[in-house]
1. Along the charge dipole of the stretch 220-339, Cβ charges K/R +1 and D/E -1, which of SER244, TRP285, SER231 sits furthest on the positive end?
2. In what sequence, highest mean first, do 109-121, 67-79, 29-41 appear when ranked by Cβ atoms within 10 angstrom?
3. With r defined as the distance between the Cβ atoms of ASP303 and GLN434 and R0 fixed at 51 Å, what FRET efficiency is calculated, to the nearest 0.05?
4. Assuming 0.36 nm per residue, please report the length gained on full extension of the stretch LYS406 to LEU356 beyond their Cα-Cα distance.
5. With 19 Å as the limit, write out which pairs from LYS354/LYS374; LYS387/LYS408; LYS374/LYS408 have Cα-Cα distances beyond it, or answer none.
6. If r is the Cβ-Cβ distance from THR287 to TYR373 and R0 is 35 Å, what FRET efficiency results, to the nearest 0.05?
7. Which ³J(HN,Hα) values, rounded to whole Hz and listed in residue order, are derived for the stretch 119-124 from phi using the Karplus coefficients 6.51, -1.76 and 1.60 in 6.51 cos²θ - 1.76 cosθ + 1.60 with θ = phi - 60°, glycine and proline given as x?
8. Subtracting the Cα-Cα distance from 0.36 nm times the residue separation, let me have the gained length for LEU122 to LYS51 in nm, one decimal.
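Every number here is computed from the coordinates shown, using simple stated rules; none is lab data. Just so it is clear, the model here is predicted, and its values are computed rather than measured. Here the Cβ positions follow ideal geometry from the backbone for every residue, glycine too, while neighbour counts run over all protein chains shown.
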Amino acid sequence: MPDPSEPIRPLLAQASWTNTETIYSSIILILLVLAAITTSSESAFFSLNPKEKDRLKSENSKISRIILDLLSKPRELIALLLISINFVNVGIVILSTLILNKMMEGYGEVPKLLVEIFGITLLILITGEVIPKIYGANNAAKVTRFMAIPIDVIRRTPPVSWLKALLVNGTNFIGKAGKKNLKISSDELEQAIAITTEESTSEDEQRLLEGIVKFGKTEAIQIMTPRIEASSFPEHFTFNQVVSFVIEAGYSRIPVYQESADNVIGILYIKDLLPHLKNNGDFDWKTLLRKPFFIPENKKIDDLLQEFRSMKMHLAVVVDEYGGASGIVTLEDILEEIVGDITDEFDDDQVDYKRLDDGSFLFEGRTSLMDFYKIIDLDGDEFEAMKGDAETLGGFIVEQSGRILKNKEYIVQGNFKFTVVSSDKRRIKWVKVQQN
């Protein structure tokens, strides 16, 4: 007589297989949901725009404070999310492999391997990466608010918190090691900007980028207003003379010198003078002078900008190696090196150069070399290497020729011919520039 328990054993085995498969499948579904939530969170947190961040700052709620705290530590946030995503994905791969091993018994190793590679990869990629990232980017505010508290709890819970700290410290070490070996010159950066310029980039944007690159190696002497062109007056002026000079000059800060313009003793702020305009002419205006800020000619203007900001100043006196004033530099001069010329209602719009019909240019001799480079569209390296102490176009011609050229005399430098149109015994007044 057959044993009645024999047909029951395969049924029990089948029931055991079905239950295990169901449990594994349920866990995989849960892990896929967790992967989708974590991935969408990563996309959402780093897709918040400035307006949404400002809204969070103004709310001052618990959730907004948590979100801002997470965003303030981007390395910790990305490390936390990456750890979570990878743990979930590893769990999905392991459980999916266990299920496939039972489902594909007898199919051979190659088909099973192909299903594991392509099937599981597509499953994770579509449901756990692509779709959640798109959703998170399009609904950044909603997702970050929903996930702020859970992420905050997870980041404080061991062992995730330990792994997060380990990963962040490791990336910091690698980052520092990489920085030590990373060296790039400003010339290479200029070349990179020139190469990567897109058709949609305007000339103003291109000029702005180039100005930022060159900003760090520009010296004060290159952008200063020469002493002979700067408005200043002697200390022996009477109060009425000072008022008349200030009205005619039209500047908010004017250097005051003793005996000669080479010896600046103070800076008069016109706002300090205004309250005393109703006083009699015997008012001692010299009590209003402020201490001048002296800088050397080779001062880098990026360092000078930082000093202007920290000292809350707008004007510096440039001195030569003998301590004499050679010119002045203002905050406006520095900013113009990046953004171009800044004009206001008090600026003189008179042009110091003319474009002639034959394509040549007519420049005033006192035109600075930096302005000459900008107008002709040159990098100026060739001229800078040969200019010596000259800072103006007329000074450059005198430096190259060794004397003040007379009318119709000329010099040739590179592809340019500089012809003196007008000069006197003291200086070159007008220069015609032709490109060969």
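1. Looking along the dipole axis, the top candidate is TRP285.
2. Top to bottom by mean Cβ count within 10 Å: 29-41, 67-79, 109-121.
3. It comes out at approximately 0.85.
4. 15.9 nm
5. LYS387/LYS408; LYS374/LYS408
6. The computed FRET efficiency comes out at 0.20.
7. x, 5, 4, 5, 4, 5
8. 22.0 nm
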